[in-house]
1. Ranked highest first by average number of other Cβ atoms within 10 Å, how do 151-157, 171-177, 51-57 line up?
2. Over the Cα atoms, compute the radius of gyration (one decimal) and Dmax (the largest Cα-Cα distance, rounded to a whole number) for the stretch 128-186, in Å.
3. I'd like the FRET efficiency for residue 111 and residue 164, computed as 1/(1 + (r/R0)^6) with the beta carbon distance as r and R0 of 30 Å, rounded to 0.05.
4. Work out how much length residue 136 to residue 118 would gain on full extension: take 0.36 nm times their residue separation and subtract the Cα-Cα distance, in nm to one decimal.
5. Taking R0 as 41 Å, what FRET efficiency do you get between residue 183 and residue 98 from their Cβ-Cβ distance, rounded to the nearest 0.05?
6. Using the beta-carbon distance between residue 56 and residue 85 and R0 = 22 Å, what value does 1/(1 + (r/R0)^6) give for FRET efficiency, to the nearest 0.05?
7. May I ask you to order 89-96, 127-134 by the average number of other C-beta atoms within 10 Å around their residues, highest value first?
């Protein structure tokens, strides 16, 4: 090959090498730079989704109220958005495998529940929504993975066996859940 041919091909190779070099990746935002999608306490008015996790059934537990300032697609997503770390359990039922809400905020502990299905009279996470006829909590007719919360709704979660001795009910009323001035024990 002549010098002239090389001189003509060199710019072509150089442009191939330059375009083949990967672009510098944009660094991801650090956790400190990430903005929270929630605030402490109930949401104001008809904005956001208020998430109430009643942890009073656990030693040292209390009521956690957080406002999901976004628009969660499901109740499970709302728990995730407010950083309560929900976890699914998986069981085998009459119609096949199923998933359910097994843990909130690492409760119950893995040693207490393997999240491998429901056991009769065993404690579980109950899911509550506003009952429009009584203006208090009503047991949700949908599961946490299918319930799509509307803006302004309050979601409640309580833990217990659902028996006469352990009724598994919210330890606060719906009005208390919505009240920005309410504190546990008041």
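Laboratory data are not the source of any read-out in this text; all were calculated from the coordinates shown. This is a predicted model, so every value here is computed, not measured. Heads up, the Cβs are rebuilt from the backbone with ideal geometry, glycines too, and the neighbour counts pull from every protein chain shown.
1. Ranked from most to least packed, the peptides come out as 51-57, 151-157, 171-177.
2. 12.4, 35
3. Details: r = 27 Å, r/R0 = 0.88.
Computed FRET efficiency for residue 111 and residue 164: 0.70.
4. So the extension gain works out to 3.8 nm.
5. 0.65
6. E(calc), rounded to 0.05, equals 0.75.
7. On the way: 89-96: 10.1, 127-134: 14.4.
Descending mean neighbour count gives 127-134, 89-96.
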